[in-house]
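Visitor: Here it is: the structure, laid out below.
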Amino acid sequence: MTGKLWGVGLGPGDSELVTVKAARVIGEVDVVAYHSARHGRSIARSVAAPYLRSGQIEEKLMYPVTTESTDHPGGYRGALADFYTSAAQTLAQHLSAGRSVALLAEGDPLFYSSYMHMHKRLVADFDTEIIPGVTSVSASSAATGLPLVEADETLTVLPGTLPKDELVRRLRDSDAVAIMKLGRTFPDVVAALRESGRLEQAWYVERASTPTQRVVPVVDVEPSTVPYFSMIVIPGELNNPLIAEPSRGTGQVVVVGLGPGADRWTTPEVRAELAQATDLVGYKTYLNRITPRAGQRLHASDNKVESERACMALDLAKGGARVVVVSSGDPGVFAMAAAVIEEAADEQWREVPVRVVPGVTAANAVASLAGAPLGHDYAVISLSDRLKSWDVVADRVRAALRADLVLAIYNPGSASRTWQVAELKEILLQQIASTTPVILGRDVGGPEQSLVITTVADLDPATVDMRTLLIIGSTTTTVVDRSGGQAVFTNRRYSASPATQ
């Protein structure tokens, strides 16, 4: 009869945080195994020491490398893979001989632990059981004395070994954060915190739950003193005293694009600006896509008062508010950026800082669903005649068609504009082949998303509304049938000039 393998979570370092079950199993098993560096010392063994009994076999699994270089032909990962295989074989010998084995793991056995490498190699052949442990994240949060997350806040756990740019992206896109695996990575992590704007919000916790525990703001830490067993914790803004209320003495306006409907298309940079705003200004439908934090003021208005909305935002910023003006898609494409910049040219607001943060456009979103119809030169035209005459719209459409450009058509119709798409179809039939591909993307990224690939001849104007974006192909736009459905691309190679085709 074979023995049983126990994956025993020991918690973050305090022997009194070992669970009752873990303590019992440690004292009952035949073999106690633990990993160690080449110096031979094991933190796991020291945590478990009060629960060991005399006569037990101790199996020390010593890493061949930790952070240093290796001449192993497979490099660092190859050296560790061979070590894990060899260590698993050592444990398998005990288990095959009928001995029970407790493999000690700091924290929790399945949370950034070496135990998982043994588990994957042994679980198919032996009886195994995992005893969860208190994680270092929980211990570090307790050490700060601050709630880590509350209400709808989310927690992101990041290894400090991630590339800096990836750390920056995830820090900008997260509420509460815990960063593990510090030590030599600490300077890069601090650089990522600074670039993401979160350095002043971060706490440093060293050796949580132990007698040498230390808790200070990250900005007060000397990098050369940071050990591997340390963590950075950023509690959510509801409970983090390091997150100051935005200053009302340095007002500014930031115009952002939320993307076309889907939250996944709102960039981390835009999310960061939204989080730091004192005031959010925008069309009510777009503001409904945002969950404001406590204390933020929302200023919703109708979609036909862009200039008034821009003036309101600039006035708020002049008074010291940090204002974010919200658009759908990209703010510079038929949206609020132009209105804000235009009004900001007025002498009364000339000193108010104004920035524009880009977003995913509706044209790009629709194109991505269809394939690559915007893969070559294209024009973006609004069919709305509210701010310009229909003659101007029609002339621009004809000019783009003569240039053999793909067209992305915004604002094709509304409750009060019901005839423009039919007029557009007549212009298309007069100037381009009736078989030219047409893509209709409606509510892209939203709950009623639909995509239709048709032709100029079969385009039905009655199916097009304000939530639809049209893409009209050029002479090199091609529809291909694939196993997953149709795909559209616009070839960048011309066999001859369009005028001679």
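The values are calculated or read from the model by the stated rules, or taken from the named source; none is laboratory data. This is a predicted model, so every value here is computed, not measured. With ideal geometry, Cβ positions are generated from the backbone for all residues, glycine too; neighbour counts draw on all protein chains shown. Just so you know, the surface numbers come from the protein's heavy atoms only, side chains and all, with ligands and any DNA or RNA stripped out. Shrake-Rupley method; radii C 1.70, N 1.55, O 1.52, S 1.80 Å.
Visitor: State the percent of C-alpha pairs, over all pairs in the range 291-419, separated by a distance greater than 22 angstrom.
Guide: Details: 4134 of 8256 pairs.
Value for the range 291-419 (Cα pairs over 22 Å): 50 percent.
Visitor: List the relative contact order of the chain as a percent without decimals, with contacts defined as Cα pairs under 8 Å and 6+ residues apart.
Guide: Values: 1011 pairs, mean separation 51.3, N = 501.
Here the relative contact order equals 10 percent.
Visitor: Moving on. Please report how far the C-alpha centroid of the range 53-107 lies from that of the range 295-354, rounded to the nearest whole angstrom.
Guide: Using only Cα atoms to place each centre, the spacing works out to 61 Å.
Visitor: Can I ask one more? Could you work out the equivalent-ellipsoid semi-axes for the range 128-198, taking the square root of 5 times each eigenvalue of the Cα gyration tensor, largest first, in whole Å? Working shown, then result.
Guide: Numbers: eigenvalues 102, 55, 28 Å².
Over the Cα atoms of the range 128-198, the semi-axes work out to 23, 17, 12 Å.
Visitor: By the gyration tensor of its Cα atoms, with a ≥ b ≥ c the square roots of the eigenvalues, what is the shape of the range 256-304: rounded for a/c under 1.5, prolate for a/b over b/c, or oblate? Kindly include the intermediate steps, with their values, before the conclusion.
Guide: Values: a/c = 1.94, a/b = 1.07, b/c = 1.81.
Oblate shape, in that a/c is at least 1.5 and b/c is the bigger or equal ratio.
Visitor: Can you give the Rg to Rh ratio for the range 218-342, taking only C-alpha atoms and Rh from Kirkwood? Can you show the working numbers first?
Guide: On the way: Rg = 17.3 Å, Rh = 16.0 Å.
We get a ratio of 1.08 for the range 218-342.
Visitor: Taking Rh as the Kirkwood radius computed over C-alpha pairs, what is the Stokes-Einstein D of the chain at 4 °C in a medium of viscosity 1.567 mPa s, expressed in µm² per second? Spell out each step's value before the answer.
Guide: Working: Rh = 27.4 Å.
Translational diffusion coefficient: 47 µm²/s.
Visitor: Counting heavy atoms of the protein chains only and a 1.4 Å probe, report the per residue accessible area for the range 249-339 as a whole number of Å².
Guide: Numbers: 3650 Å² over 91 residues.
With all protein chains present, the range 249-339 gives 40 Å² per residue.
Visitor: With the full set of protein chains in place, find how many percent of the accessible area of the chain is carbon and sulfur; take the probe as 1.4 Å. Walk me through the numbers before you get to the answer.
Guide: Details: 12070 of 24070 Å².
For the chain, the apolar C and S fraction of the accessible surface comes to 50 percent.
Visitor: To continue, here is another question. Rg and Dmax of the range 189-244 over Cα atoms: what are they, in angstrom?
Guide: Gyration radius and largest Cα-Cα distance of the range 189-244: 11.4, 33 Å.
Visitor: Where a ≥ b ≥ c are the square roots of the eigenvalues of the C-alpha gyration tensor, would you call the range 1-152 rounded, which needs a/c under 1.5, or, failing that, prolate if a/b is larger than b/c, or oblate? List each step's numbers first, then the result.
Guide: Details: a/c = 1.73, a/b = 1.19, b/c = 1.45.
It comes out oblate by the Cα gyration axes.
Visitor: Can you quote the Å³ per residue value for the convex hull of the Cα atoms in the range 1-87, rounded to an integer? Before the final figure, lay out each step's value.
Guide: Numbers: hull volume 10.1 nm³, N = 87.
Spread over its residues, the Cα hull of the range 1-87 gives 116 Å³ apiece.
Visitor: Mean projection of the alpha-carbon convex hull of the range 337-401 over all orientations, in nm²?
Guide: Seen from a random direction, the Cα hull of the range 337-401 projects 6.6 nm² on average.
Visitor: Next question, about the same structure. Find the Rg to Rh ratio for the range 374-493, where Rh is the Kirkwood radius over alpha-carbon pairs and Rg uses the same atoms. Write down the numbers at each step before the final one.
Guide: Numbers: Rg = 13.9 Å, Rh = 14.6 Å.
Computed over Cα atoms, the ratio is 0.95.
Visitor: DSSP loop GluC sites (Glu not before Pro) in the range 397-483 with at most 14 other Cβ atoms within 10 Å of their Cβ, which ones? It would help to have the intermediate numbers written out before the result.
Guide: Numbers: sites: GLU423, GLU426, GLU448; in loops: GLU448.
Counting only loop positions with at most 14 other Cβ atoms within 10 Å, the GluC sites (Glu not before Pro) in the range 397-483 are GLU448.
Visitor: To continue, here is another question. Show me the ranking of peptides 198-208, 382-392 by mean Cβ neighbours inside 10 Å, starting with the highest. Please report the intermediate quantities before stating the final value.
Guide: Working: 198-208: 22.1, 382-392: 13.2.
Going from most to least packed, we get 198-208, 382-392.
Visitor: Right, another one. In degrees from 0 to 90, rounded to the nearest 10, what is the angle of the helix 420-431 Cα long axis to the longest principal axis of the chain?
Guide: Tilt of helix 420-431: around 80 degrees.
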